[in-house]
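What follows is one structure encoded as structure tokens, with my remarks underneath.
The values are calculated or read from the model by the stated rules, or taken from the named source; none is laboratory data. Treat the numbers as computed from the prediction; the structure is a model and nothing was measured. A quick note on method: Cβ atoms are made from the backbone with ideal geometry, for glycine too, and the neighbour counts reach across all protein chains shown.
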Amino acid sequence: MSEAATPVRANLPEFSVSEIAGALKRVVEDTFPFVRVRGEISNLKFHSSGHVYFDLKDEKACLNAVIWRGTAQKLRVRPDHGLEVVCTGRVSTYAGSSRYQLIVEQVELAGLGALMAMLEERKKKLAAEGLFAAERKKPLPYLPTVIGVITSPTGAVIRDIMHRLNDRFPRRVLLWPVPVQGDRAAGEVAAAIKGFNALKADGPLPIPDVLIVARGGGSIEDLMAFNEEVVVRAVAESRIPLISAVGHETDTTLIDLVADRRAPTPTAAAEMAVPVRAELLSQTMDLERRYLRAFSRAMSERRQKLVSLARVLPRAEQLFAPPRQRLDIASDKLGNALHRNLVSHRTHFLESAALLRPRPIKRHIEVSLQRTDVLGRRLSQSHRTHLAAARKRFESLARILESVSYKAVLSRGFALVRGEDGGLKRAASAVKPGERLELSFADGQRTAVAEGTPAPKAPKKPVTQGGSQGSLL
């Protein structure tokens with residue numbers, strides 16, 4: 001065999017595929033134990049096992065990435081297609097497909113633009129569900145008895161709120177302490193809102209009439225807890241009206257959009273929650289004065305109306321004269337009618353008795369006569385009873401008539417003046433000189449002539465009820 005045909009053996013070690021894969025894995029993991037990689041998410045896949053697979057890419061390269069289920073549940077930023085992020089983790093290899101990949105431990109948004117894009121996308125999603133609709137917002141109570149405050153117990157926010165409430169209208173305040181930034185902030189704020197709504201009416205703590213979620217100012221990253229979906233949904237589900245007071249006036253978070261009222265500062269939230277006590281007292285006193293004036297005016301109008309109605313009412317003698325006359329007529333007719341009725345029945349009975357045979361019905365006639373006597377006595381007794389009741393009613397009406405009659409006034413020394421035509425003279429100007437007047441006193445009447453021009457001739461002896469008397473004037 002020639003030298004050219006002799007096989008050449010390289011002086012190299014021989015490795016299996018698994019050995020090469022393992023060696024590469026150790027080299028890669030030792031070289032890149034902990035790195036931060038910036039890129040855009042693509043080919044995102046949420047596996048049924050809970051793991052998340054995606055690619056990180058830039059203009060020139062692409063890097064496979066994976067987030068294990070336990071880590072994915074704790075992420076603050078949820079991966080999304082096209083989102084630019086900074087992923088923190090370690091580089092490793094996957095021998096099954098001869099590729100290297102990034103084992104992600106933490107995901108952060110890459111810059112403010114990416115953060116704002118994510119917030120805008122979340123805002124559109126929640127708005128589409130109707131969480132920001134105006135018709136869902138509840139009115140605030142005018143004067144709450146208990147106010148629930150959700151904020152940090154150590155910051156200046158709670159002191160500002162308490163100070164403002166004490167200045168305007170002191171109320172009972174229940175504080176639910178929570179962190180206002182950091183990984184735990186969103187979950188605890190949402191839990192506090194749900195906790196206040198879960199209080200029982202008969203429990204040891206009263207149910208607040210209004211809630212205030214408050215935090216001081218800060219960067220958009222500091223306020224991210226109040227942009228989380230869990231907080232927004234907790235506010236939307238709250239049965240208690242809620243005021244959002246997060247950040248300064250220029251800061252806007254998603255909780256501001258879903259809250260029933262948005263306050264520019266925590267101090268302004270306290271002002272929205274309660275009215276000014278002094279102003280409320282002044283308003284109450286003003287309403288009291290207006291009520292008294294209205295009541296006095298209404299009473300005066302009703303008094304004037306009552307006086308006007310009294311003027312057009314008929315006099316007492318005119319009011320009671322027709323019933324009294326009807327009573328007199330009925331009383332006169334009652335006795336005669338009863339007597340005629342008795343005579344008619346007796347006559348009819350006697351006529352019937354004469355037609356009957358005397359011997360067979362003798363006993364019947366005797367019984368009938370006895371019964372007739374009994375009926376006659378009962379009729380007489382009924383007549384007397386009816387007359388007595390009518391007399392009592394008449395006397396009662398007479399007493400009422402006397403109490404309202406003008407004659408009672410005449411008995412106190414007054415006189416009723418009538419002219420020749422019988423009309424009343426209510427004023428001196430209505431009497432003409434020389435006019436013949438008729439004066440009515442309590443015990444009778446007299447005639448007089450008014451002083452002035454010669455009076456018309458009158459009978460020498462006028463006939464009056466109480467005798468004759470010459471002119472008084």
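A few remarks follow.
The rows are residues; the columns are (1) of a type in the set (A, V, I, L, M, F, W, C); (2) closer than 30 Å to Val409 by Cβ; (3) surrounded by 10 or more Cβ atoms within 10 Å (Cβ to Cβ); (4) under 57 Å from the mean Cα position of the chain (by Cα).
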residue: Ser296; (1), (2), (3), (4): no, no, yes, yes
residue: Ala310; (1), (2), (3), (4): yes, yes, no, yes
residue: Arg315; (1), (2), (3), (4): no, yes, yes, yes
residue: Ser331; (1), (2), (3), (4): no, yes, yes, no
residue: Gly335; (1), (2), (3), (4): no, no, yes, no
residue: Leu338; (1), (2), (3), (4): yes, no, yes, no
residue: Gly376; (1), (2), (3), (4): no, no, yes, no
residue: His386; (1), (2), (3), (4): no, no, yes, no
residue: Arg391; (1), (2), (3), (4): no, yes, yes, no
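- 2 or more residues over 47 Å from the mean Cα position of the chain (by Cα): qualifying strands (runs of 3 or more DSSP E) within region 71-154: 84-94, 99-109
- Top-ranked residue of region 51-104 - restricted to ones that are more than 27 Å from Val17 (Cβ to Cβ) and hydroxyl-bearing (Ser, Thr, Tyr), ranked as modelled with the lowest pLDDT: Thr71
- Within region 28-42, considering residues that are touching a Lys or Arg at 6+ places or on another chain (Cβ under 7 Å) and acidic (Asp, Glu), the one surrounded by the fewest Cβ atoms within 10 Å (Cβ to Cβ): Glu29
- Residues satisfying the stated conditions in region 58-93, i.e. farther than 26 Å from Met224 by Cα and either in contact (Cβ under 8 Å) with a residue 60 or more places away in the chain or surrounded by 15 or more Cβ atoms within 10 Å (Cβ to Cβ) (or both): Leu63, Asn64, Arg90, Val91, Ser92, Thr93
- Leu327 meets all of the listed conditions (1) modelled with pLDDT of 85 or more; (2) closer than 30 Å to His163 by Cβ; (3) surrounded by 11 or more Cβ atoms within 10 Å (Cβ to Cβ) but one, namely (2).
- For Leu424, the requirement of being among the aliphatic types (A, V, I, L, M), outside the structural domain of Pro323 (by TED's automatic domain parsing), at negative phi and exposed (fewer than 12 other Cβ atoms within 10 Å of the Cβ) is met.
- In region 195-244, the residue that is surrounded by the fewest Cβ atoms within 10 Å (Cβ to Cβ) out of those that are free of Cβ contacts under 8 Å to residues at least 40 places away in the same chain and under 20 Å from Arg261 (Cβ atoms) is Gly217.
- Per-region count, region 196-253, residues acidic (Asp, Glu) and more than 26 Å from Tyr142 (Cα to Cα): 5
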